[in-house]
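Here, each number is a calculation from the coordinates, and none is a lab measurement. Nothing here was measured: the structure is a model prediction, and the numbers come from that model. Please note: Cβ atoms are built from the backbone with ideal geometry, for glycine as well, and neighbour counts cover all protein chains shown.
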Amino acid sequence: MYGAGGKEEGDFTTIHKRYMERERISISTYQPYMDFHARVSERYGNKSLRILDIGSGNGAFIDACVARGHDILGIEYDTRFIGLMPEETAARVIFEPVERALPLGPVDS
């Protein structure tokens, strides 16, 4: 349900859970994914790319990239998402904070 200004109403956890349902996020209908893949195609053609997905959530973006032939690695801090994604998707995700997953040292923001 949307309130004033077009913003969805409800507490953060409820809204977040709704958007993390894999059934809601389809590679062919979820506009942010469609926009990303359209821009990638415009810039690189059909070339296979290496992509880093920080904040992988339920893994739907990873699946969308794999379906288009890209090599993708995800990083997700919240291990609760392991159970929300297929095993083959979870195998592409490092379940650690970014600063532990990548050898960057401490990160402030």
note = Ile54 neighbourhood, Cβ < 12 Å, K/R = +1, D/E = -1, net charge -4
³J(HN,Hα), Karplus 6.51/-1.76/1.60, whole Hz, each residue of region 84-94, x for Gly, Pro = 9, 10, x, 3, 5, 6, 4, 5, 8, 10, 9
request  = Answer with one residue from Asn46, Thr89, Phe36: the one whose Cα lies farthest towards the positive end of the charge dipole of region 26-89, charges on Cβ with Lys, Arg +1 and Asp, Glu -1.
outcome  = Asn46
remark   = Extension length gain for Ile94 and Met34 (0.36 nm per residue less Cα distance), in nm, is 19.1 nm
